[in-house]
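We did not get these values from a lab; they are worked out from the coordinates using the rules stated. In this text, all values refer to a predicted model and were calculated from it rather than measured experimentally. Methodologically, a virtual Cβ is constructed for each residue, glycine included, from the backbone with ideal geometry; neighbour enumeration extends over all protein chains shown.
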Amino acid sequence: MTPDVLVIGAGPAGLAAARAASRVGATVALLDASDYVGGQYWRHLPASRAALDQSVLHHDWSSFLALRDEIEGDPRCDVVTSAHVVAIDGDGVHVLIGASDGRDRERRVYRAAAVVLATGAFDRALPVPGWDLPGVFTAGGAQALAKGERVAVGERVVVAGTGPFLLPVAASLGQAGSRVVGVFEASPASRLLRHWLARPWEFGATPDKVGELARYAWGQLRERVPYHVGQAVTAIHGDDHVTSVTVSTLDSSWRPLARGSRTIEVDAVCLGHGFTPRLELAIAAGSRLSAQRFVEVDADQRTSATPYFAAGEITGIGGVDLALAEGAIAGHVAARGRADDLELRHARHARHALVRFATRIDAAHAIGSNWSTWLTPATIVCRCEDVTFGDLLRVSRQSRATGLRSLKLLSRAGLGPCQGRVCGRSVEALLEVRAPGGHLTGGSTMDRRPISTPVRLGELATWTTPEVRKP
Amino acid sequence: MKVLIIGAGIIGAACARTMSRRGIDVTILERGSAVGATSSAGEGNLLLSDKAPGPELALATYSLDLWRRLPAALADEIGNFTSIEFEAKGGLVVATSAEESAGLAQLAEAQRGAGVEARLLSVDETLELEPDVTPSMIAAVHYPQDAQVQPTIATEALLASARAAGARVLVDTLVTGSRRDASGRVVGLTTNRGDFDADHVVVAAGPWSGEVATRLGGTLDVGPRKGWLLVTTPMAHRIAHKVYDANYVGAVQSDGGERQFATVLESTAAGTVLIGSSRENVGFDADADVAAWGAIAARAVRLMPALRDAAIMRAYCGFRPFSRDHLPVIGADRDVAGLWYAAGHEGAGIGLAPGTAELLTALLLGAPTDIPAEPFSSLRPSLARAA
Ligand SMILES: Cc1cc2nc3c(=O)[nH]c(=O)nc-3n(C[C@H](O)[C@H](O)[C@H](O)COP(=O)(O)OP(=O)(O)OC[C@H]3O[C@@H](n4cnc5c(N)ncnc54)[C@H](O)[C@@H]3O)c2cc1C
């Protein structure tokens, strides 16, 4: 398999990259692990089950359809769904095609002249006492159920966390039939105002963004969903299912204040605290990461590892429009398109404005340093291995270890089937502040996963090549 | 007496514990985090089965005896620390060809002569002990003494014990050179965090020991020998013993010029199955290597076909500290006074750690050793450089 450009991930960034690469004449392979293109953002029902007009659920559905139709009808572009990238090594990109838990799936090795990584991000939820009860969802998970399966997660629902993403999630839940009794944004009003309203002229450059947000704000008002800032769900209650939540008012570091906490009866909770980029393939490719732990790219979306490019959420959380712009740049340059191309210039211009906007959103919704004050020793932090906050405190105190590998093995946090994808960042943060010296040493993180998706031993057993490597 | 130990892997940790408990003032200097390198990148097999009679088997037997007593000793020293998961589950070495089977029987015979329990099993007896071993096997040997620990936790426990006895463990501290007196004796080390004084310096820097020795003006030929391991998701199915294919012994003893594979299968306390491993001398290259994983998987499925559907969720590699004659160096540098080594344990450093610590501590103190130390000397003939 030797396309000119291999694009991994068919969300907005990957779709835009594939289109741009093909438009300048390159052959393209576009891989995605799910059954349909569109990614997290344009998640939808399969055509056979689409009952409603999708545009009700997706306000920019028409741009998705245009993008998808162009790519799927493009003879130069091979769209491969159910394609699981297992690993990247010096030999190429190793892919299994078939069901995610299948056996004897088809194996392919792609050796492309250029590769665009557009693997996106998954949504993050900070641990909260009781978050392991049935009825608790990540905001993204709940939205996926609403958009993709048209399933409402509950009748009375609260959405809590931080970031502009909470609003579209609440809107999707409403459309799926839930009653959203409150959206709780942890960031305090002062910080939101400072970053959202600073330099208002920058909004002028991003009309789509403003329109999008205005639409959500209006939708919230119309549905009369109470939107609260500086508040968080700090405990979730119930025996075998969620029955209520405690909502607390927070100080600016997210420490609950003594006053102002109340209980709300609900049957579902959606938590969303930003996103974690899916970095393992970029790391396997040898791409350098920034201090904020995103893939570092240059003005052409090139990573430090030739011939790998990166676009979308793995380079920074910036939303759909930024992902589209970055994808367009990456695809165009990866396919060796002309530097003076008009579309390329448009994309660069859009990226410039959108990056500044994203930086401000990031600052407005930064995770408070004292969120862990709402944990109790019994709060589960790693759900795969049932590791509690108390376990982390104990191993850290007993061992005085500063290395993540030791702390993981001592506590078993991050060692289960999700390999730290769900809990990794939170576990690292909890351990970091408790390590002697106040930081972890040795530079290892949970992001490095040479095997990026589980593969059966029997499948791997057919991947042999000569046992003696030539010099 | 003041001793500086370079490296907080299992060898440095074991030395620190033993020395500090004999009243020596110990400081470990570690450039990264404790147990951040080889000692957390392998398995925790404590094996007699893979060793032919000779000094390594003597050290392994001695060490195994110390390991057996460690859980109770550590409980006294550091209380209710996380379990080091010591388990004497026994090993099963399985031959799948006539040639392997003959070699295995011969080895077992010799090992019995050296006091190792090694029982030759028929196919039926083998399948009774471990029903999922391939029925196309020819013979097997059961080694009831083979044991395992969780090596990362064990190393942290040894460090905690050393700390409780007064040792210091300084992380983020890179050793950059030695300080000498007028006679050329090492009297301290320079690091990125300033200078340290010492009466003796011990290099326990794993596969970097050769490099570190050079930096300090000493002579030691120890470098990396890479190995990959695969880990399954937690499984209900347990493998009761450690199961190896018989060519494991050959691979362990090989010269490492070319890539070697030998299967080791074991269930861990957490329910995952560890599947090892490869051996190749390619420097410190940790990049993914699908062909190596494939070869490991192919052999594992051959040895235990029932594992075919197991899901592999993780692969990791480490660098065994490789010494050209497959024996660690435990003792003084051949020229430089005050400079000592505990390095080059290759694929057996976890198993050999407690014995290594005892030997080196006795040598430092000028005390008699429990087993002969000469075979591990830096002056032994098998280390003399071939032209
Ligand atoms: C795949 C694999 C499987 C294995 N399986 C087994 C097994 O089943 N049983 C067994 O007994 N053994 C096994 N081993 C071997 C065992 O892991 C090693 O022999 C042992 O861990 C070596 O320990 P060490 O302390 O010498 O080295 P390390 O653990 O590497 O420690 C050396 C330390 O020195 C530090 N250092 C280096 N340079 C400097 C410097 N200049 N300044 C300061 N610090 C420095 C390093 O950062 C490191 O922390 C396996 C190894 C591998 C790779």
For the range B:103-245, what are the per-bin percents of Cα-Cα distances with bins 5 Å wide, up to the bin holding the maximum? 2, 7, 10, 12, 12, 12, 10, 9, 9, 9, 5, 3, 1, 0
Please list the non-local residues whose amide H lies under 5 Å from the amide H of B:Arg168, H modeled 1.01 Å from N, same-chain partners needing a gap of 5 or more. B:Val26, B:Thr27, B:Ile28
Let me know the Rg and Dmax you get for the range A:375-438 when you use only its Cα atoms, in Å. 10.4, 31
Non-local residues with an amide H under 5 Å from the amide H of A:Val387, with H modelled 1.01 Å from N and Pro and chain starts lacking one, are A:Val381, A:Cys382
Loop-located trypsin sites (Lys or Arg not before Pro) in the range B:1-40 whose Cβ has at most 16 other Cβ within 10 Å (DSSP): B:Arg22
Under 9 Å from the Cβ of A:Ala364, count the other residues' Cβ atoms, weight Lys and Arg +1, Asp and Glu -1, and hand me the total. +2
Checking rank on A:147-155, B:6-14, with mean other Cβ inside 10 Å and highest first, the result is B:6-14, A:147-155
What number, in percent, do you get for the relative contact order of chain B if the mean sequence gap of Cα pairs under 8 Å and at least 6 apart is divided by its residue count? 23 percent
Stick to Cα atoms and the Kirkwood definition of Rh, then tell me Rg/Rh for the range B:201-315. 1.06
May I ask for the distance between the Cα centers of the range B:313-358 and the range B:282-307, given as a whole number of Å? 25 Å
Here the whole-number average of other chain Cβ atoms within 10 Å per Cβ of A:446-459 is 6
Ranked highest first by average number of other Cβ atoms within 10 Å, how do B:129-136, A:107-114, B:190-197 line up? A:107-114, B:129-136, B:190-197
Cα→Cβ-extended label distance, 7 Å offset, between B:Ala164 and A:Val355, nm: 5.4 nm
Check B:Val282: other-chain or 5+ apart residues with amide H under 5 Å from its amide H, H built from backbone geometry? B:Lys226
Return the FRET efficiency for the residue pair B:Arg334, B:Ala269: r is the Cβ-Cβ distance, R0 is 56 Å, and the value is rounded to the nearest 0.05. 0.85
Can you list, bin by bin at 10 Å, the percent of alpha carbon pairs in the range B:18-100, starting at 0? 12, 30, 40, 13, 5, 1
Quick one: check the C-alpha center-to-center distance for the range A:382-448 versus the range A:133-173, whole angstrom. 28 Å
Roughly how compact is the range A:235-313, stated as its Cα Rg over 2.2 N^0.38 Å to two decimals? 1.77
Out of B:Leu339, B:Ala315, A:Phe389, whose Cα points farthest toward the positive end of the dipole of the protein assembly as shown (charges: +1 Lys, Arg; -1 Asp, Glu; placed on Cβ)? A:Phe389
What is the Å³ per residue value for the convex hull set by the Cα atoms of chain A? 163 Å³
D_trans [Stokes-Einstein, Kirkwood Rh over alpha-carbon pairs] for chain B, 37 °C, 0.692 mPa s, µm² s⁻¹: 155 µm²/s
For B:Lys89, B:Lys51, order by how many other beta-carbon atoms lie within 10 Å, fewest first: B:Lys89, B:Lys51
Any chance you could list the semi-axes, whole Å, largest first, of the equivalent ellipsoid that the Cα gyration tensor gives for the range B:272-387, using √(5λ)? 37, 17, 12
hull vol. (C-alpha, convex hull) per residue for the range B:125-192, Å³ -> 253 Å³
Direction-averaged shadow area of the convex hull around the Cα atoms of the protein assembly as shown, nm²? 38.7 nm²
Please give the average number of partner chain Cβ atoms lying within 10 Å of the Cβ of each residue in A:387-398, rounded to a whole number. 1
Simple Cβ-charge dipole of the range B:314-364, Lys/Arg +1 and Asp/Glu -1, about Cα centre, in debye nearest 20: 240 debye
Estimated distance in nm for a label pair at A:Asp74 and A:Asp362, the labels positioned 7 Å out from Cα along Cα-to-Cβ: 2.8 nm
Want the number for A:His346 to A:Asn370: 0.36 nm per residue separation, take away the alpha-carbon distance, what's left? 4.5 nm
